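Working notes, beginning with the structure itself.
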Amino acid sequence: MTLPLEKMTREEKLQAMEVLWIDLTRNEKEYNSPDWHKDILELREKRIQSGQEKYQDWESAKKDLRDRLL
């Protein structure tokens, strides 16, 4: 399948990404995380606990991105 990316608006592209994400996560138990993923998550958790980094929940992040892009 090929999408006409050059003809799609930014909103259409974001909607396509959202549809793909929903489909990919529908059966997330079928996918195994790579071995390195645990190490990255542990490092990020340590950085959060030490105050070196802050993160926001996914819904807030998506809203912020949409507000900036649309």
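Throughout, read-outs are computed from the coordinates displayed, never taken from laboratory work. For clarity, every value in this text was computed on a predicted model and none was experimentally measured. Cβ atoms come from the backbone with ideal geometry, glycine included; neighbour counts cover every protein chain shown.
The table for this structure:
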{"read-out": "Angle between the chain longest axis and helix 35-49 axis [Cα atoms, degrees, rounded to 10]", "value": "70 degrees"}
{"read-out": "Taking the convex hull of Cα positions in the chain, its mean projected area over all directions (nm²)", "value": "7.1 nm²"}
{"read-out": "Selection of chymotrypsin sites (Phe, Trp or Tyr not before Pro), the chain, meeting DSSP coil and at most 14 other Cβ within 10 Å", "value": "TYR31, TYR55"}
